[in-house]
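Below: the structure, in structure tokens.
The values are calculated or read from the model by the stated rules, or taken from the named source; none is laboratory data. These numbers come from a predicted model, not from an experiment. FYI the Cβ positions are ideal-geometry reconstructions off the backbone, even for glycines, and counts take in every protein chain you see. What goes into the accessible areas is simple: the full protein's heavy atoms, side chains included, and nothing from ligands, DNA or RNA. Shrake-Rupley method; radii C 1.70, N 1.55, O 1.52, S 1.80 Å.
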Amino acid sequence: GPIVGSWYRILDWLIPGNTKVVAVKKVVLDQGGFAPCFLGCFLAVMGAVNGLSVQDNWSKIQQDYMDALMTNYCIWPPVQIANFYFVPLQHRLAVVQCVAIVWNCYLSWKANRM
């Protein structure tokens, strides 16, 4: 929550406004920069928390990362376009957290498969 909320404030500072073009620019930054980094960090932390060695964790990340990223790109861009275009900044995190319930279940399943 705090990381994503801060990210949305940064996006609004970098790209102010709420036109369709602005929403697309925010999605490009969000999905091109933030999502791949956040996903990699999530998988790395989950592997470490699950007690994987550095080598096993790296192998697991290599195994799961691209599939999880492609799944991310099927779910999040449409959600974020609507979120950045229609939803005021103070409510964006709530919208994302509703979708994130399902997304986090998927990520947990993906990260904990051995």
Handout entry: Meets criteria (closer than 16 Å to Lys110 by Cβ, assigned to a helix (DSSP H, G or I) and either among the charged types (D, E, K, R) or in contact (Cβ under 8 Å) with a residue 24 or more places away in the chain (or both)) for Trp7
Key = no
Completion exercise
How many residues of the stretch 20-57 are part of a helix (DSSP H, G or I) and surrounded by 13 or more Cβ atoms within 10 Å (Cβ to Cβ)? The answer is 23
Handout entry: Count of residues meeting criterion [surrounded by 16 or more Cβ atoms within 10 Å (Cβ to Cβ) and outside any loop (DSSP other than H, G, I, E, B)] in the stretch 10-19
Key = 2
Practice task
May I ask you to list the residues in the stretch 58-114 that are part of a helix (DSSP H, G or I), open to solvent by 70 Å² or more (accessible area, probe 1.4 Å) and among the charged types (D, E, K, R)?
Solution key: Asp67
